[in-house]
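Below is one structure, written out as structure tokens, with a few remarks after it.
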Amino acid sequence: MQTPRQLELIEAAIKLTATDGIQKLTIRNVASAIGVSEAAVYRHFESKHELLKAILAYLNAMLSPRFDALFESEAPEFEALRAFFSELFTLLEHNTAFTLLLFAEETFNVDPQLQTELLSLMEGNLARLVQFFEKAIEKSACRSDLDPRQLAVITFGSIRLSVSRWHLQGASTSLTNQATPIVNTLITLFSVM
């Protein structure tokens, strides 16, 4: 669990990276962004690497509950999927800097250990989607002729593409409003015929 100061540093680093790129993410720039000394930052994070690890943990803490809620939902499967998309897209839209950092994996390419941790985060969320589709297939709510992992990859890919397009368009439209047509198309594709 991070302290309030660590959270402030993490959020400043996320905003800095989202606006200026990973090249500008330095302890000095993070310190400057919130008006403290570099030494103050080093009291909380011993290196840029440790700060980036904390950012990944922060991102995971924001996303994981949405994926968990999808799997644990008692609602009919496709209603749960609609709620998941709506909540996820709303979260991403209201946290633009966080979203840009999350979907720009080149941010973490500077450090092989961070790549491994980002991949682990992605695989964990993908695994939750797989579990959701396995449960939906088991309940005959979803096509059984398709592999649950492929259904999860298609779903995850739809999310990533939608968010990437939204960013490239300058976040000029509502990402949340894009959730409904996407999830409705996925439901049509995945429904038992």
Residues that are of a type in the set (Val, Ile, Thr) and either within 18 Å of the chain's Cα centre (by Cα) or under 22 Å from residue 171 (Cα atoms) (or both), drawn from the stretch 1-31: 10, 14, 17, 19, 22
Residue pairs meeting the criteria (Cβ under 6 Å; at least 6 apart or on separate chains; first without any contact (Cβ under 8 Å) to a residue 40 or more places away in the chain and farther than 15 Å from residue 67 by Cα, in the stretch 133-155; second open to solvent by 90 Å² or more (accessible area, probe 1.4 Å) and of a type outside the set (Phe, Trp, Tyr)): 137/144; 148/134
Given (1) buried (at least 19 other Cβ atoms within 10 Å of the Cβ); (2) at pLDDT 90 or above; (3) of a type in the set (Gly, Ala, Ser), number of the condition residue 18 does not satisfy: (2)
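Please enumerate the residues belonging to the stretch 81-97 that are of a type outside the set (Ser, Thr, Tyr) and surrounded by fewer than 19 Cβ atoms within 10 Å (Cβ to Cβ).
The initial filter retains those residues of the stretch 81-97 that are of a type outside the set (Ser, Thr, Tyr), namely 81-85, 87-89, 91-95, 97.
If the condition is that a residue be of a type outside the set (Ser, Thr, Tyr) and surrounded by fewer than 19 Cβ atoms within 10 Å (Cβ to Cβ), then 82, 83, 87, 91, 94, 95, 97 are the ones that fit.
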Flag for residue 10 being buried (at least 18 other Cβ atoms within 10 Å of the Cβ) and either touching a Lys or Arg at 6+ places or on another chain (Cβ under 7 Å) or modelled with pLDDT of 90 or more (or both): yes
Hey, residue 153 at pLDDT 90 or above and either closer than 25 Å to residue 96 by Cβ or outside any loop (DSSP other than H, G, I, E, B) (or both) or not: yes
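Taking the residues in the stretch 156-182 that are in contact (Cβ under 8 Å) with a residue 12 or more places away in the chain and of a type in the set (Ser, Thr, Tyr) as candidates, determine which candidate is farthest from residue 132 (Cα to Cα).
Residues of the stretch 156-182 that are in contact (Cβ under 8 Å) with a residue 12 or more places away in the chain, as a first pass: 156, 158-160, 162-164, 166-167, 171, 174-176, 178-180, 182.
Now restrict to residues that are of a type in the set (Ser, Thr, Tyr): 158, 162, 164, 174, 176, 180.
Details: 158: 16, 162: 21, 164: 24, 174: 27, 176: 22, 180: 19 Å.
Only one residue tops the list, namely 174.
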Those helices (runs of 4 or more DSSP H) lying entirely in the stretch 7-123 with at least 1 residues free of Cβ contacts under 8 Å to residues at least 24 places away in the same chain: 27-34, 38-42, 48-72, 77-94
Condition met for residue 75 (among the aliphatic types (A, V, I, L, M), at pLDDT 90 or above and within 18 Å of residue 181 (Cα to Cα)): no
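With respect to residue 189, determine if the residue is of a type in the set (A, V, I, L, M, F, W, C), out of contact with any Leu (no Cβ under 7 Å at 6 or more places or on another chain) and open to solvent by 30 Å² or more (accessible area, probe 1.4 Å). Write out each step before concluding.
Values: of a type in the set (A, V, I, L, M, F, W, C): yes; out of contact with any Leu (no Cβ under 7 Å at 6 or more places or on another chain): yes; open to solvent by 30 Å² or more (accessible area, probe 1.4 Å): yes.
Yes; evaluated as a whole, the condition is true for this residue.
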Unmet criterion (only one of (1) open to solvent by 80 Å² or more (accessible area, probe 1.4 Å); (2) closer than 20 Å to residue 82 by Cα; (3) among the small types (Gly, Ala, Ser)) for residue 172: (2)
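Sort through 70, 59, 25 and tell me the only one that's modelled with pLDDT of 90 or more, out of contact with any strand residue (DSSP E or B) (no Cβ under 7 Å at 6 or more places or on another chain) and open to solvent by less than 10 Å² (accessible area, probe 1.4 Å). Break it down stepwise before answering.
Details: 59 fails: modelled with pLDDT of 90 or more; 25 fails: modelled with pLDDT of 90 or more.
Checking each option against the conditions leaves just 70.
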Residue within the stretch 125-140 that is among the β-branched types (Val, Ile, Thr), modelled with pLDDT under 95 and open to solvent by 10 Å² or more (accessible area, probe 1.4 Å) present: no
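The values are calculated or read from the model by the stated rules, or taken from the named source; none is laboratory data. Source: prediction; values computed, not measured. No Cβ is skipped: glycine too gets one built from the backbone with ideal geometry, and neighbour counts run over all protein chains shown. These accessible areas exclude ligands, DNA and RNA; they are computed on the full protein's heavy atoms, side chains included. Shrake-Rupley method; radii C 1.70, N 1.55, O 1.52, S 1.80 Å.
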